[in-house]
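Colleague: Following this message is one structure expressed as structure tokens.
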Amino acid sequence: MSEPALLVSLSIVTTGILLGLIYALVASGVSIMYGCIWLPNASNGQFFILAPLLAWTLTNELHWSVSASIVAVLLIAVLLAQGLEFSLIRRLYDSPTRNIDYFVLTLGLTQIVSGLFSLTYSRYSDQYALPPIIGGVMFIGPFPIAKIRVVVVLVAAAAILALFIGFKYHRLGRAIRALFQNREAAALRGVDVKRVYRFTFILGTAVTMLGGLLYAMAYSFDLSLAWTMSITAFAIMIIGGPGSILGALMVGLVFGFTQAIVSAVSTPSMATFTYLAAMLAILLIKPSGVFNR
């Protein structure tokens, strides 16, 4: 293989892994919310972009370090999720049509947050970027890769692994899986359903915002990314199967590599069209998703 071809191949592999893990992480947050609470969070893209925007504000306007900004944003994510759960989400836990109610509610949140972004951040810039936590590059043979992207891959992989292990072995993880299967049976066995719902919403929101931070650590971003990520996360959840972290990981990697490959020979817009077309084809064959939860 010639050196230019090798460089292109390595670029596709590294980009595919990086994007795939971030997609999988965000889709996991969306998936566990829907699988447990039956909450199709249409505002996930807005929360995804809110995290790096807050970090950008702390680093550029208040001159915090990037590390401190990231920690602060993760704490804000937990507090924000608790506030939303207390004021809005818990009021619909017992609704027989809560999937539709939640979808309408989160669509409303999407419009409100998008309007706030338009009134505030859209006046600053069309493109945003966070300063890297760690500078420099490392080499894989002749191919240079930014060290910060290696850090992002490791953190995203660790977060997905922690979710997988937690859901399999931790008491709360097992309770969430029980609710995935049967809410009434889980309640009869002593599971505090509403407490688990509350934890799941907070966890899903925090995971989604962590994905936004990781993306911003590796790439520049703009406000339109919120809508792209919202569609992508839903597509991955539907194909992978609601409630399945393994499904989110596998399909997320497929989407990431599809975007990397098509972007190498065409445009990112064509890459998005390609994997969404693949989603429709898969759903025609297996409407319930590839993986069972």
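Colleague: If HIS63 meets every condition in (1) touching a residue at least 40 places away in the same chain (Cβ under 8 Å); (2) on the phi > 0 side of the Ramachandran plot apart from one, which number is that one?
Modeller: (1)
Colleague: Scan segment 178-206 residue by residue and report those that are of a type in the set (Ser, Thr, Tyr) and closer than 18 Å to GLY241 by Cβ.
Modeller: If the condition is that a residue be of a type in the set (Ser, Thr, Tyr) and closer than 18 Å to GLY241 by Cβ, then THR200 is the only one that fits.
Colleague: Does PHE180 satisfy the criteria of being under 25 Å from ALA24 (Cβ atoms), at pLDDT below 90 and part of a helix (DSSP H, G or I)?
Modeller: Yes.
Colleague: Condition check: assigned to a helix (DSSP H, G or I), crowded, with 21+ Cβ neighbours inside 10 Å and not aromatic (Phe, Trp, Tyr). Does LEU203 satisfy that?
Modeller: yes
Colleague: Shifting gears a bit: Looking only at segment 77-104, filter to residues that are free of Cβ contacts under 8 Å to residues at least 60 places away in the same chain, in a helix (DSSP H, G or I) and of a type outside the set (Gly, Ala, Ser); which one of those is nearest to MET209 (Cα to Cα)?
Modeller: Let us first name the residues in segment 77-104 that are free of Cβ contacts under 8 Å to residues at least 60 places away in the same chain, namely 79, 83, 86-88, 91-92, 94-97, 100-101, 104.
Now narrow it down to the ones that are in a helix (DSSP H, G or I): 79, 83, 86-87, 91-92, 100-101, 104.
Of the ones still in play, those that are also of a type outside the set (Gly, Ala, Ser) are 79, 86, 91-92, 100-101, 104.
Values: LEU79: 12, PHE86: 19, ARG91: 23, LEU92: 23, ILE100: 24, ASP101: 23, VAL104: 21 Å.
Restricting to residues being free of Cβ contacts under 8 Å to residues at least 60 places away in the same chain, in a helix (DSSP H, G or I) and of a type outside the set (Gly, Ala, Ser), the top hit is LEU79.
Colleague: Using the structure shown, decide if ALA248 is of a type in the set (A, V, I, L, M, F, W, C), closer than 27 Å to LEU53 by Cα and touching a Leu at 6+ places or on another chain (Cβ under 6 Å).
Modeller: Considered against the rule, which asks whether it is of a type in the set (A, V, I, L, M, F, W, C), closer than 27 Å to LEU53 by Cα and touching a Leu at 6+ places or on another chain (Cβ under 6 Å), ALA248 comes out as no.
Colleague: Any residue at all in segment 130-152 that's at pLDDT 95 or above and under 20 Å from ALA77 (Cα atoms)?
Modeller: Yes, that holds for at least one residue.
Colleague: Out of VAL254, VAL265, report the one residue that is among the β-branched types (Val, Ile, Thr) and touching a Phe, Trp or Tyr at 6+ places or on another chain (Cβ under 8 Å).
Modeller: VAL254
Colleague: Among all residue pairs at least 6 apart or on different chains, which show Cβ distances below 8 Å where the first residue, located in segment 244-268, is part of a loop (DSSP other than H, G, I, E, B) and the second is surrounded by fewer than 19 Cβ atoms within 10 Å (Cβ to Cβ)?
Modeller: SER244/ASN292
Colleague: Among LEU6, LEU54, which is of a type in the set (A, V, I, L, M) and buried (at least 20 other Cβ atoms within 10 Å of the Cβ)?
Modeller: Testing whether each residue is of a type in the set (A, V, I, L, M) and buried (at least 20 other Cβ atoms within 10 Å of the Cβ) leaves just LEU54.
Colleague: Further question: Mind counting the residues in segment 108-121 that are among the hydroxyl-bearing types (Ser, Thr, Tyr), surrounded by fewer than 13 Cβ atoms within 10 Å (Cβ to Cβ) and part of a helix (DSSP H, G or I)? First the steps, then the outcome.
Modeller: Taking segment 108-121 and keeping what is among the hydroxyl-bearing types (Ser, Thr, Tyr), we get 110, 114, 118, 120-121.
Those still in the list that are surrounded by fewer than 13 Cβ atoms within 10 Å (Cβ to Cβ) too: 118, 120.
Narrowing further to those that are part of a helix (DSSP H, G or I): 118.
Residues flagged as among the hydroxyl-bearing types (Ser, Thr, Tyr), surrounded by fewer than 13 Cβ atoms within 10 Å (Cβ to Cβ) and part of a helix (DSSP H, G or I) within segment 108-121 amount to 1.
Colleague: Do we have ALA162 as in a helix (DSSP H, G or I) and either surrounded by 13 or more Cβ atoms within 10 Å (Cβ to Cβ) or touching a strand residue (DSSP E or B) at 6+ places or on another chain (Cβ under 6 Å) (or both) here?
Modeller: no
Colleague: Give me the residue from segment 60-90 that is farther than 22 Å from CYS36 by Cα and of a type in the set (Val, Ile, Thr) and, out of that set, farthest from the chain's Cα centre (by Cα).
Modeller: It comes out as VAL66.
Colleague: In a helix (DSSP H, G or I) and in contact (Cβ under 8 Å) with a residue 24 or more places away in the chain: is that true of PRO52 in this structure?
Modeller: yes
Colleague: Name the residues in segment 128-159 that are in a loop (DSSP other than H, G, I, E, B) and either without any contact (Cβ under 8 Å) to a residue 40 or more places away in the chain or touching an Asp or Glu at 6+ places or on another chain (Cβ under 9 Å) (or both), would you?
Modeller: Hits for segment 128-159 are ILE134, GLY135, GLY136, PRO142.
Colleague: Related question: Test VAL8 against the stated conditions and say whether it is over 17 Å from the mean Cα position of the chain (by Cα) and of a type in the set (Val, Ile, Thr). Break it down stepwise before answering.
Modeller: Numbers: over 17 Å from the mean Cα position of the chain (by Cα): yes; of a type in the set (Val, Ile, Thr): yes.
It is true that VAL8 is over 17 Å from the mean Cα position of the chain (by Cα) and of a type in the set (Val, Ile, Thr).
The values are calculated or read from the model by the stated rules, or taken from the named source; none is laboratory data. Only a predicted model underlies this, so the values are computations on that prediction, with no experimental measurement involved. Virtual Cβ from ideal backbone geometry, glycine too; neighbours counted across all protein chains shown.
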